Each structure stands twice: as C-alpha cells, then as structure tokens.
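As structure tokens, the structure follows; a few thoughts come after it.
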Amino acid sequence: MPPQFIFTMRELRKVAPLTQREILRGITLAFYPDAKIGVLGANGAGKSTLLRIMAGVDREYAGDARITEGFRAGLLAQEPILDPAKDVRGNVEDGVAAQRSVLDRYNALSMKLGEGLTAEDLERTSDELQRTQDEIEAKGLWELDATVDVAKFIFTMRELRKVAPLTQREILRGITLAFYPDAKIGVLGANGAGKSTLLRIMAGVDREYAGDARITEGFRAGLLAQEPILDPAKDVRGNVEDGVAAQRSVLDRYNALSMKLGEALTAEDLERTSDELQKTQDEIEAKGLWELDATVDVAMDALAARRASRTSPRSPGASAAASRSAASCFRGPISCSSTSRPTISTPSRSAGSSGTSPSIRVASWP
C-alpha cells in the first residue's frame, strides 16, 4: 500500500483582516510522515502565518488545509512564554508536564498494588496500571528523563561581533544562535556577508571576535577549507590519500599484525600480538575502515576526478573544485561537500537565531 500524506494543503489563501493585504495565495503542498521541510522567505512573506495555519492555530483562511486523522500538529513559537522564576530545566520540565504526569500515574498505581486491596480493587488497579504502561510504551516515555537530559545545545553563540582588523569593517554583528546535536544547518548569505568567517569562528580557527562562541565539552568542530593546502606533486587521488593517512595506517597495522601471526612466535609474543590484532580489528569496525577504499572511490567519483587522476600524474583534467576539496574530504568529523554552499554537519532540531547576515536557516539538503 503506497504511503499516505500526513498533511495536505490546496489552493490556500490568507488575507490580513484589517488591511485586506493578501499574505498567501494559491498555496498547495503535501508531504509524507517523517518529512523534514523548510519554509524559506523574506520577512513578511507569510512563513509564520503558514505555520500557524498548519498547526491549526489560525483558521481564518480560504482553501483547504488538513492533517491526516490520528495525527496532531504542534507549533514551537518563535517567542515562547517562559517562566522567569525557573531555570532552563524548569521550563523544559513545564514542556513535558503532560508526559511526566503519565509516569507519575504509573508510579502511584504501582505503589497502590502494595496496599491491602480487595479483589475488585486489585483487578481495577492492575487493569489501569496495564493501560498506563501501554501508553508509556506507545509514547516512548520510559526515556523521558534521558530525553530531557539530551535537550541541551551542542553549540551556542551569543551577541558575536567580528571586525576586520585592518579596515575595521564590521563583518558580523549581534549573531546569536544555538543548535542541538544532529542538527543540519545551512549558512546563507551573499558574497562577503561573512559566511566563511562565521564558520571559521565556529570551528575555533578564528578567535579574534567579541561576544561568546562555544562548543559543548566532549565535542569538536571540523572545517572543510575552501582552499586546502594540497601537494602539487601529487594527483587528486594522492591528495585524497593524504587526507585518509591516519585511517590507512590502522589498516596497515592490522595487515602487519596478521602477517606477524604467521611467524614463529613465543607463546607470550603470540598472545600479545593476538590481543593487539583484536584491538586493531575493533578500532577498524568501530570506525568503518573496512570500507575505506570504497569510500575513497565514492569521493573520487563525487569529485569528478577519478579518470583524470589515472590518466595524468598531475591531473590537468580534474576540475578546480575537485582539487580544492580533495585533501579535506576525510579530515575531521565532517563529510566531503561543496563549499559553494557552506554547511555545518554536527553530531534535527534547531533553536532560534538572530543577528545580521548571514542568516541561519534549517535546511533539508541531502
């Protein structure tokens, strides 16, 4: 059975009630469950209005907008109402109060079973406890505490300002952003808007700024340079191989240890070599290094330079973009991508952001 849309909208039109200004016209869309969709547009284009309509908050429109039966829509307000008397966790707990009440009910029912109940009360309490447990499992509430604990930003930036040291030109001003682990965020802006500067600051390469920018302890940032330093004596594949030298050395160590096991070793050396071989194999499997050659080949295909690197030692036919990117594909925790559209890949949620250009927007790029 083909998948069904979770939400549909047809020929939707929205007019501001006071000014009669047309905010939205002819909006038609549909998407499947688990879709990740971004709504992009200039200020005043109607993005927030569209989201309020989709969430069922705004019902004053013409056309059709509906969510599939059995689902419900939620809306994360741009300016949520928080309790100033509570800390961040206190406000988060307010947000999960309904889920927490289900767990509290389960605990109360469990305690009640230990009391002296009549057979009728025991049966009624057991049935209610089972229904509550079913609800907890259906909603994944056993992991509520862990979910609340994880709900902290992996990176934060507050009121960041950057001025060019020589010209004193203000490149960035008032940049405030924060995002969670697994977020995929795009930095959009015209040439010279400060995109690369922002990424260098986030990666810790550029530390000459005012304000605050920090990554959560236990994580590290990687940066795919637009102009990496390459070895001109090597072709594209040779530079890519330089980028995976550390990973390649693990495989080489495994091969060397395997060969050593074929030698005449003492019992002590045999045990030591076997243990080291096992640890090396565990490292290879944890890092997915058995597929290193295939990964390099995929990267070469993506760089459109594979054939050129095989036909010429200096790869004159390889594109300039491929040459720039090759050596950086495997350095750091980010994947190989074109720097003409800067992206930050982090260890899907995104918090609000503010400040001057470049803008921070949620994206759903492959």
* To do: Identify, from the list GLY116, GLY74, the residue that is surrounded by fewer than 11 Cβ atoms within 10 Å (Cβ to Cβ), closer than 30 Å to ARG25 by Cβ and not β-branched (Val, Ile, Thr).
  => GLY74
* Structure fact -> Only one of ALA42, ALA62, ALA55 is closer than 21 Å to LYS14 by Cα and in contact with a Gly (Cβ under 9 Å, 6 or more places away or on another chain), namely ALA55
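Residue by residue, here is whether (1) over 30 Å from ALA164 (Cα atoms); (2) open to solvent by less than 50 Å² (accessible area, probe 1.4 Å); (3) in contact with a helix residue (DSSP H, G or I) (Cβ under 8 Å, 6 or more places away or on another chain) holds:
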site: GLY174; (1), (2), (3): no, yes, no
site: TYR209; (1), (2), (3): no, no, yes
site: ARG214; (1), (2), (3): no, no, no
site: LEU224; (1), (2), (3): no, yes, yes
site: GLU283; (1), (2), (3): yes, no, yes
* To do: Filter the stretch 77-89 down to residues that are over 25 Å from the mean Cα position of the chain (by Cα) and loosely packed, with under 12 Cβ neighbours inside 10 Å and give me whichever is farthest from LEU29 (Cα to Cα).
  => ALA85
* **Filter pass, GLU128 being farther than 30 Å from THR216 by Cβ and either among the charged types (D, E, K, R) or touching a helix residue (DSSP H, G or I) at 6+ places or on another chain (Cβ under 7 Å) (or both)** => yes
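What about ALA210, is it at pLDDT 90 or above, over 16 Å from LEU172 (Cβ atoms) and among the aliphatic types (A, V, I, L, M)? First the steps, then the outcome.
Details: at pLDDT 90 or above: yes; over 16 Å from LEU172 (Cβ atoms): no; among the aliphatic types (A, V, I, L, M): yes.
Here the answer is no, as ALA210 does not meet what is asked.
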* Taking ASP149 as the residue in question, decide whether it is of a type outside the set (Gly, Ala, Ser), exposed (fewer than 14 other Cβ atoms within 10 Å of the Cβ) and on the phi > 0 side of the Ramachandran plot. => no
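Pick out the one residue from SER101, SER110, SER48, SER126 that is open to solvent by less than 90 Å² (accessible area, probe 1.4 Å) and under 27 Å from GLY174 (Cβ atoms). First the steps, then the outcome.
Numbers: SER101 fails: under 27 Å from GLY174 (Cβ atoms); SER110 fails: under 27 Å from GLY174 (Cβ atoms); SER126 fails: under 27 Å from GLY174 (Cβ atoms).
Answer to the check: SER48.
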* Asked: In the stretch 210-252, which residues are under 24 Å from PRO181 (Cβ atoms) and of a type in the set (Ser, Thr, Tyr)?
  -> THR216
* Where in the stretch 262-333 are there helices (runs of 4 or more DSSP H), lying fully within it, with 2 or more residues that are at pLDDT 50 or above and more than 27 Å from ALA203 (Cα to Cα)? -> 267-287, 292-302
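The values are calculated or read from the model by the stated rules, or taken from the named source; none is laboratory data. Worth saying up front: this structure is predicted, and the values here are computed from it rather than measured. Because the Cβ atoms are built from the backbone with ideal geometry, glycine has one as well, and the counts that use them run over all protein chains shown. Side chains are part of the model used for accessible areas, which takes the heavy atoms of the whole protein and leaves out ligands, DNA and RNA. Shrake-Rupley method; radii C 1.70, N 1.55, O 1.52, S 1.80 Å.
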